[in-house]
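*Asks:* Handing you this structure, nothing more for now.
We did not get these values from a lab; they are worked out from the coordinates using the rules stated. Remember, predicted model here, so these are calculated numbers, not experimental data. FYI the Cβ positions are ideal-geometry reconstructions off the backbone, even for glycines, and counts take in every protein chain you see.
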Amino acid sequence: MSKRAGAVLFLLLAAAFLIVNRGAYRGYFHDDELDTLSWAPRLRPIEIVKALVTPRFLTNNFRPAAHFYFYAAGRSFGLDYPKYIAVLHAIHLFNVWLLWLLMRRLGAKPWAAAAGCLFFALHMALFDAVWKPMYVYDVLCATFCLLTLLAYAHGRWVLGLPAFWLAYKCKELAVMLPLVLALCEYWFGKRRWLRLAPYFAISLSFGLQGVLLNTHHDDAYTFRFTPAAVGETSVFYAARVFLVPYLGFVIPVAAWLARNRRAWFGAAMMGILFVPLLFLPGRLFSAYCYLPFTGLAIAFAGLVESRHPAVAAIFFLLWAPMEYRELRTQRQARLAVDNDVREWVTTAAGLARTAPRVKAIVYAGEPAGFEAWGVRGALHFVFHRSDDLTVRFIEDPDAAKLLASDDVALLSWDHERKKLGVLLRTPQ
């Protein structure tokens, strides 16, 4: 395939992706994003740099390489949500291109690599990852993991080290990447194991620190090393592979029978990257498939390569209706929630413009699924204050005392009308 033909195919795929996901630009922020925006844009650059270079495990869950997205976007875009999505989509399409380069480097035929890219680019299991900025951690982690793999596959293992470091600084899931590199060396390299030593040293250091210094005890972020946890998580993620319950379990068997190294490598890569997620039954999110599904895309290319091209065409014809049904279901639910949050935050932003020095805010109700930390984050962001702005829920013990004071606002959400009412008490 010529470079011109490849460029045309990529542009067509990018256009298809943007058309399918055009609804994302009508979405809006949610609680995690607004909470992060309440503090990330106020970081000092030196704080981000220090967190990037430190070899210490960050117990406050700060991910500097990914949080830089919120730092830069929050300062540049404010509450202009489509711009956040445009950047997220650009990163996703860049990842698709990196996948193409990696699969071609591993020896995949052009049409098989193209099929793998198509499968990954439009997969509806990754819906939230390309619709919600809160999952930029997963998307950017995949970017740096793919850059690491690509550098390593080209024999430039030294260049891969900073990319691996940044991958971990985006999300801790990257700690498993050295095992993937070892498989790459075994199946596609010259088995020069010494070059893997610095990767494993970094991974072992962060991994041990993460286990020993983990501050999460008996909550959703706690690892559960039990058969019940693995059973629950494996069934969930297997259902996301082809959007059919349990069907994902056929991937290891199909890869083994394909007698194709790329199928073996991709399936093993997916399994390795899923390992930490299998012990987190309290954090089951489809968007977490993003990084492991880069391995699935490589495995899919290997499977396609071992069959007649007509088989791939038949698969996509059967797969497209399921994807479209999933898209419609998730899009409708997501936009309904986002519209309510937009109304709440936009009204609160109006209050910030008319009464910027209000000292306290008491809120009564919020849109469904919009958590308390999102409410506080939204108010701190639109008022550009956090230290001297008190925010309380109306049922909190000190809410009544605050309502009797001067310079206080009461925000009341009407669930039926989907409107936010504002009452302002001033000294006048």
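*Asks:* Could you tell me how many degrees, from 0 to 90 and to the nearest 10, lie between the Cα long axis of helix 372-383 and the main elongation axis, the longest principal axis, of the Cα atoms of the chain?
*Replies:* For 372-383 against the chain, the angle is about 70 degrees.
*Asks:* Would you list 277, 11 from fewest to most Cβ contacts within 10 Å?
*Replies:* Working: 277 21, 11 11.
The fewest-first ordering by Cβ neighbours comes to 11, 277.
*Asks:* Okay, moving on. With n ≥ 4 as the cut-off for DSSP H runs, can you work out [θ] at 222 nm for the chain, using -39500 (n - 2.57) per run divided by the number of residues, rounded to the nearest 500?
*Replies:* Details: 18 runs with 269 residues, N = 428.
About -20500 deg cm²/dmol.
*Asks:* Counting other beta carbons within 10 Å of each Cβ, put 200, 119 in order, fewest first. Could the numbers behind the result be given before it?
*Replies:* Values: 200 15, 119 21.
Going from sparsest to densest Cβ surroundings: 200, 119.
*Asks:* Taking every pair of alpha-carbon atoms in region 27-107, give the share separated by more than 18 Å as a whole percent.
*Replies:* Details: 1733 of 3240 pairs.
Every Cα pair in region 27-107 considered, those over 18 Å come to 53 percent.
*Asks:* Starting from the Cα gyration tensor of the chain, take the square roots of the eigenvalues, sort them a ≥ b ≥ c, and report rounded, prolate or oblate (rounded when a/c is under 1.5, otherwise prolate if a/b is larger than b/c, else oblate).
*Replies:* Values: a/c = 2.13, a/b = 1.71, b/c = 1.25.
Here the chain falls in the prolate category.
*Asks:* Please pull out the direction-averaged projected area of region 143-185, using the convex hull of its alpha-carbon atoms, in nm² to one decimal place.
*Replies:* Dividing the Cα hull surface by four gives the mean projection, 2.5 nm².
*Asks:* Give the calculated FRET efficiency between residue 423 and residue 200 to the nearest 0.05, with a Förster radius of 60 Å applied to their Cβ-Cβ distance. Spell out each step's value before the answer.
*Replies:* On the way: r = 60 Å, r/R0 = 1.00.
For residue 423 and residue 200, the calculated efficiency is 0.50.
*Asks:* Among the listed pairs 50/190; 83/418; 359/419; 132/418; 83/419; 171/418, give every one whose C-alpha distance is greater than 27 Å. List each step's numbers first, then the result.
*Replies:* On the way: 50/190 37 Å; 83/418 25 Å; 359/419 23 Å; 132/418 22 Å; 83/419 25 Å; 171/418 36 Å.
Too far apart for the 27 Å limit: 50/190; 171/418.
*Asks:* Which loop chymotrypsin sites (Phe, Trp or Tyr not before Pro) in region 214-243, with loop taken from DSSP, have no more than 12 other Cβ atoms within 10 angstrom of their Cβ? Spell out each step's value before the answer.
*Replies:* Working: sites: 221, 223, 225, 236, 237, 242; in loops: 221, 223, 225, 242.
Answer by residue number: 225.
*Asks:* If I fit a long axis through the Cα atoms of helix 157-170 and take the longest principal axis of the Cα atoms of the chain, what angle between them do I get, 0 to 90°, rounded to 10?
*Replies:* 30 degrees
*Asks:* Fewest Cβ neighbours within 10 Å first, please rank 426, 36, 148 accordingly. Can you show the working numbers first?
*Replies:* Numbers: 426 11, 36 23, 148 26.
Placing the least packed residue first, the sequence is 426, 36, 148.
*Asks:* Kirkwood Rh, region 219-345, all Cα pairs: how many Å?
*Replies:* Working: mean 1/r = 0.0614 Å⁻¹.
Final number for the Kirkwood radius of region 219-345 is 16.3 Å.
*Asks:* Give the whole-number value, in cubic angstrom per residue, of the convex hull volume spanned by the C-alpha atoms of region 149-300.
*Replies:* Details: hull volume 17.3 nm³, N = 152.
Measuring per residue, one finds 114 Å³ for the Cα hull of region 149-300.
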